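K.L.:
Quick one: the structure is below, and I'll ask about it shortly.
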Amino acid sequence: MKAAVVVFPGTNCEHDVMWALDVAGSEGELVWHRETDLSEFDGIVLPGGFAHGDYLRTGAIARFSPVMAEVRRFAEAGKPVLGICNGFQILCEAHLLPGALHENRDLNFICRPIHVRVESTNTVLTRAAEPGQVLQIPLNSYEGNYTVAEVDAMDAQVAARYCDADGTVSDATNPNGSVGSIAAIANSAGNVAGIMPHPERAVEEVLGSTDGLVMVRSFVESMEPAHV
């Protein structure tokens with residue numbers, strides 16, 4: 001199984017994703033954003049960074065890159081698509097995920113480990129996790145404050161929420177003000193997912209946590225024929 005790891009001008013987390021895929025027993029290939037044929041791949045990852053300098057809004061320009069037609073085709077075909085941080089923002093701008101992301105509640109750039117609680121295992125991001133499982137992974141963003149109009153209607157699409165080490169969700173454990181403490185969501189089919197924290201940066205003990213591996217492995221498993 002091989003994933004396309006899309007690189008936009010300004011992407012800076014692509015090699016982190018490539019390494020994490022390798023640790024999880026899969027393969028990734030860097031693909032420039034002008035690519036128009038991803039038929040040889042089994043899944044797509046949009047990594048973090050600052051695509052096109054995040055001018056206008058985060059992800060607003062990247063959504064028009066040629067590769068996004070293939071991202072949409074994968075999504076509509078039920079194939080796995082994952083957006084991490086800036087990739088999450090791009091998927092929202094492309095309307096492949098609901099809602100939008102804007103400045104953090106306190107207008108501060110957040111760069112620290114946080115905890116998330118797995119809410120649903122019916123997504124390409126959480127398939128290998130357990131409901132209620134608490135994971136420690138890094139958060140690294142300024143515009144990670146997720147908002148959506150009909151938050152109650154999409155409760156089943158929430159993949160993970162910000163929490164404390166015991167799994168308690170509260171305003172105090174919400175680092176950026178995201179509605180419903182949402183850290184990760186999926187589309188209704190579960191094959192397209194976006195997450196603001198970085199699971200690919202928590203795959204080895206030397207990084208302080210291996211909790212991100214369960215999410216990376218979930219994506220890898222989702223690329224297997226039985227799941228696509």
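The values are calculated or read from the model by the stated rules, or taken from the named source; none is laboratory data. Values in this document were obtained by computation on a predicted structure and should not be read as measured data. Because the Cβ atoms are built from the backbone with ideal geometry, glycine has one as well, and the counts that use them run over all protein chains shown.
K.L.:
For residues in segment 126-162 being under 16 Å from Ile185 (Cβ atoms) and of a type in the set (Phe, Trp, Tyr), which is nearest to the chain's Cα centre (by Cα)?
P.N.:
Tyr146
K.L.:
Now, a different point. Name the residue that is farthest from Gly144 (Cα to Cα), counting only residues in segment 172-194 that are outside any loop (DSSP other than H, G, I, E, B) and in contact with a helix residue (DSSP H, G or I) (Cβ under 6 Å, 6 or more places away or on another chain).
P.N.:
So, considering only residues that are outside any loop (DSSP other than H, G, I, E, B) and in contact with a helix residue (DSSP H, G or I) (Cβ under 6 Å, 6 or more places away or on another chain), the one farthest from Gly144 (Cα to Cα) is Val192.
K.L.:
What about Val179, is it surrounded by fewer than 20 Cβ atoms within 10 Å (Cβ to Cβ), touching a residue at least 12 places away in the same chain (Cβ under 8 Å) and aliphatic (A, V, I, L, M)?
P.N.:
The answer is yes for Val179.
K.L.:
Oh, and also: Could you check, for segment 127-135, whether at least one of its residues is part of a loop (DSSP other than H, G, I, E, B), modelled with pLDDT of 95 or more and of a type in the set (A, V, I, L, M)?
P.N.:
Yes, because at least one residue in segment 127-135 is part of a loop (DSSP other than H, G, I, E, B), modelled with pLDDT of 95 or more and of a type in the set (A, V, I, L, M).
K.L.:
Which of the following residues is surrounded by fewer than 21 Cβ atoms within 10 Å (Cβ to Cβ), part of a loop (DSSP other than H, G, I, E, B) and at pLDDT below 95: Val206, Val169, Val228?
P.N.:
Answer to the selection: Val228.
K.L.:
Val118 passes all but one of (1) more than 20 Å from Val5 (Cβ to Cβ); (2) surrounded by fewer than 23 Cβ atoms within 10 Å (Cβ to Cβ); (3) of a type outside the set (Asp, Glu); which number fails?
P.N.:
(2)
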